[in-house]
1. Across region A:17-25, in residue order, what do the Karplus-derived ³J(HN,Hα) couplings come to in whole Hz, using 6.51 cos²θ - 1.76 cosθ + 1.60 with θ = phi - 60° and x for Gly and Pro?
2. With a Förster radius of 41 Å, plug the Cβ-Cβ distance of residue B:63 and residue B:98 into 1/(1 + (r/R0)^6) and report the FRET value to the nearest 0.05.
3. Mind listing which GluC sites (Glu not before Pro) in region A:142-193 are in a DSSP loop and have 16 or fewer other Cβ atoms within 10 Å?
4. Mind listing the phi-derived Karplus ³J(HN,Hα) values for region A:144-154, rounded to whole Hz, using 6.51, -1.76 and 1.60 with θ = phi - 60°, and x for any glycine or proline?
5. Full-extension gain between residue B:46 and residue B:4, please, as 0.36 nm times their residue separation minus the C-alpha to C-alpha distance.
6. Sort A:18, B:60 so the one with the fewest other Cβ atoms within 10 Å of its own Cβ comes first.
7. Loop only per DSSP, at most 14 neighbouring Cβ atoms within 10 Å: give me the trypsin sites (Lys or Arg not before Pro) in region A:10-92, ordered by residue number.
8. Please order B:103, A:187, B:57 by the number of other Cβ within 10 Å, starting at the fewest.
Amino acid sequence: MRIFHSYKQDTDEELMRWVSRSNTKAFEELYTRYARRMQGFFIRMLGYDIAKAEDFTQELFLKVYESRGAYEEGRTFSSWAFSMAYNLCKNEYRHRDIVESHEQELNYNSDATEEPAFEQMYDRAVFENQLSISLSKLSGDQLAAFTLRYNEELSVQEIARVLDCPEGTVKSRLHYALRSLSQSLSIYNPIKP
Amino acid sequence: MKEDELTKLEESRDVKQILETSKALYDKDKAGNTLRSFDSLMKQIDQRGQTSRRVGISPWWLVAACLIGLLIGWNLPFDNAPKDDKLAVNDTVVVTEKHTDTIYQQVQVAVKTLDRKERREVVSPQTMQAQKVVAPVMTTEIPLPDPRNSRPATAGRSLSQEDFPVHLLVSL
């Protein structure tokens, strides 16, 4: 019996095994570990729409709980959860075409191609702002690969499993994303001489 | 090849800066936003479970409904009713189409040569005047066509009359 057992020591996969037996405490531990990460992922993927990101996080954990029986033993929980999260984002892209409307929602006055004022050139805030804009201009696949690799620090192999594509495709997506970001942000980079 | 290019790109100064800033922004977004409580999530899970339970039909109810249907189907006296009481008797109706061809019959017609009398009388101018005034209907007796005649169009008309149809005259 695990009445007095703390689930904090268990791995994600062990916790998921408990969840598959409808253990609410183990599910709560998983929620504590992953909810913030998932919300951050949704914020980035859904164009900084906080309310929608909260809804999606809730929806994701609902799906995790409902499909607990379908969890494959041996698969890492993080890649399983991220693949579900990515599928939710893909559905959202399909239905609302959020990538295009994102720029209008953010309502940034400055354009990425415009040359900023000299005093703003090295301003970190401007750089961060432009980075957000440039990230939102990446395609959904590139943005997901970028976020999972450089922000969530998943391996290329794990990303390939999450995005359901070959590792080579992940690398090329990362390459294009980095090149695109570096080109669009070259004039804003505060460390550039 | 691609991996080398990617590694090179990752190690470049500009991209390193981008990656660092992106990570900082990501962490800020994660930490800065409130998270919904676990209780609200569980409440939602319970609500969904209740909804699906409400929608689901119990197999016992399904079996009971089938049994009731069978009882109604077998016990109602549909077949015991006398046949005369039936409103309509089912029967097969065969629709046939009647078609009659046109039959042509050769008829022998006696050809008669008609002599045309030409009378030329001298008419006085007074008589001419009177003939003009009086309607020909009044002077000439034109009998009505006889329907029993084989050629009703010509019935009661003399060949000498000027208004006789030319085509009939030719046939004659």
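What follows draws every value from the coordinates through simple rules; no lab data is involved. What you are looking at is a predicted structure, and each value in this text was computed from that prediction instead of being measured. Positions of Cβ are generated from backbone atoms using ideal geometry, with glycine treated the same way; all protein chains shown enter the neighbour counts.
1. 5, 5, 5, 5, 9, 6, 8, 6, 5
2. On the way: r = 59 Å, r/R0 = 1.44.
FRET efficiency, residue B:63 to residue B:98: 0.10.
3. A:153
4. These are the phi-based 3J(HN,Hα) values: 5, 4, 4, 5, 5, 7, 9, 10, 8, 6, 7 Hz.
5. Value of the extension gain: 10.0 nm.
6. Listed from fewest to most nearby Cβ atoms, that is B:60, A:18.
7. The qualifying sites are A:21, A:75.
8. Exposure proxy ranking, most exposed first: B:103, B:57, A:187.
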